[in-house]
Amino acid sequence: MKILVLTGGGDAPGLNAVIRGVCKRARKESLHSEPWEVYGSIEAFNGVLNEPQEIIKLTGKKTAGIHVKGGTILKTTNKANPIKFPVVQPDGSTQFFDRSDELVKKLKALKFDAIINIGGDGSQKISKTLFDKGLPMIGVPKTIDNDLSATDITFGFQTAVQIATDSFDKLVTTAESHHRVMIMEVMGRDAGWIALHTAIAGGAEICLIPEIPYDINKLVKKIGARYKNGRGFVNIVIAEGAKPKAGSITASAGEKGSEHVRLGGVAYQLSKQLKDAGCQAEIRETVLGHVQRGGTPTAFDRVLASLFGVKAFELALNKQFGRMVAFKNNSITSVSLEEATAEYNFLSKDSYLVQASKGLGISFGD
Ligand code: F6P
């Protein structure tokens, strides 16, 4: 029996723990039933599409101890969607081609008994298409953004929040020394999960998230109230996708070949908006960026990712294809790929998380 594993989209701490979980559980199964071999496709589906193919055997030696490492030993890309494959043309423009039939043909020829695709929303949509075209697909959710509604939590999220919180703590001491307003921008795309968890953990005065557009005048008032006789300080966490009321997101132009517009730089926009609206305090900006996706996963993310890996193998063993592993109501379970990709996991304004944050004195500028 042969399984193919691959990692697609942006990396997240915990990917290696999933890969190791699949391999360890497969080796265990091989002890008392037919032998299971696990292979990895390098750089998502590129390893299958490329000529020559790049598919490696995941031996015990290759996966030993990798659960502690960030990144992915299989490499990844968010620019190789087989359904909308970007190809740069001689004039510099990018055209997109559907290579899914070619991919299905190649995968069928390789005779894998199961294909485990570890990835976010985009990757699971690809899994669904390939499943509909007859491939034995199994999904494992991954993203630091925590924006998949079919699972209560994704691995990588906790690590990102921990990194952001450690950085926030460092900004608090320097904000206090200089009586400054410190703005820290975090990732999360259209969801404010990383921002709000960091704001609560760090003790921010203001947290701005995509789900709650902010009123700049209310923020200026809140900051002013924290300053007396030129003394005071304020720490703000802003999600990269946050926007003012009657405003739009801050995006560095869509990158060539990418389906997504690249976010980033909202901290500088907010700084300017505050000054324009009359904020007297000195302001500094920090854009945390990809540091949030790097390094070793937290213990929680290693555990979650390892369990996801074991569960993914067990879905393969039981021929439960067209499903994605999930963590729901404190247990490891699975959902159909259809459910997995149906909804985006926004942070609800009415959630207890938002209400409790207001109770802690955090302003959303609403
Ligand atoms: O989805 C994960 C994420 O890190 C987002 O939070 C962020 O907007 C995006 O990926 C960055 O993508 P890239 O690595 O392509 O710059």
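The rows are residues; the columns are (1) in contact with a His (Cβ under 8 Å, 6 or more places away or on another chain); (2) outside the structural domain of P90 (by TED's automatic domain parsing).
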position	(1), (2)
G265	no, yes
S271	no, yes
R302	yes, no
E314	no, no
F321	no, no
I332	no, no
V354	no, yes
Note to self: So, I200, is that one part of a helix (DSSP H, G or I) and buried (at least 23 other Cβ atoms within 10 Å of the Cβ) or not?
What the structure shows: no
Check: Looking only at segment 269-286, which residues are within 19 Å of H178 (Cβ to Cβ) and either surrounded by 15 or more Cβ atoms within 10 Å (Cβ to Cβ) or basic (K, R) (or both)?
Finding: L270, S271, L274, K275, C279, A281, I283, R284, E285, T286
Next item on the list: Might you check whether a residue that is in a loop (DSSP other than H, G, I, E, B) and either charged (D, E, K, R) or within 23 Å of I249 (Cα to Cα) (or both) occurs anywhere in segment 114-125?
Entry: yes
Notebook entry, point to check: When only residues in segment 78-98 that are touching a Phe, Trp or Tyr at 6+ places or on another chain (Cβ under 6 Å) and under 18 Å from T7 (Cβ atoms) count, which is surrounded by the most Cβ atoms within 10 Å (Cβ to Cβ)?
Noted result: P82
Margin query: Of everything in segment 30-59, what is touching a residue at least 60 places away in the same chain (Cβ under 8 Å) and of a type outside the set (F, W, Y)? Give them in sequence order.
Written below: A44, V48
Margin query: For segment 129-164, give me each residue that is closer than 21 Å to L317 by Cβ and part of a helix (DSSP H, G or I).
Written below: L130, F131
Item checked: Odd one out for F300 among (1) away from the ligand (no atom under 16 Å from the Cβ); (2) crowded, with 17+ Cβ neighbours inside 10 Å; (3) among the hydrophobic types (A, V, I, L, M, F, W, C) -> (2)
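For (1) at pLDDT 95 or above; (2) under 25 Å from E102 (Cα atoms), each residue gets a yes or a no:
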{"residue": "C23", "(1), (2)": "yes, no"}
{"residue": "I42", "(1), (2)": "yes, yes"}
{"residue": "I55", "(1), (2)": "yes, yes"}
{"residue": "G60", "(1), (2)": "yes, no"}
{"residue": "K79", "(1), (2)": "no, yes"}
Next item on the list: Test G254 against the stated conditions and say whether it is modelled with pLDDT of 95 or more, loosely packed, with under 15 Cβ neighbours inside 10 Å, under 27 Å from I126 (Cα atoms) and within 16 Å of the ligand (Cβ to nearest atom).
Entry: no
Next item on the list: Identify the residue in segment 123-145 that is among the β-branched types (V, I, T) and over 14 Å from F155 (Cβ atoms) and, among all such residues, is nearest to the chain's Cα centre (by Cα).
Entry: I126
Next item on the list: For segment 72-86, state whether one or more residues are away from the ligand (no atom under 16 Å from the Cβ), aromatic (F, W, Y), within 15 Å of V48 (Cα to Cα) and in contact (Cβ under 8 Å) with a residue 40 or more places away in the chain.
Entry: no
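The values are calculated or read from the model by the stated rules, or taken from the named source; none is laboratory data. In this text the structure is predicted, and so the values were computed from the model without any measurement. Glycine also receives a Cβ, built like all others from the backbone with ideal geometry; neighbour counts cover every protein chain displayed.
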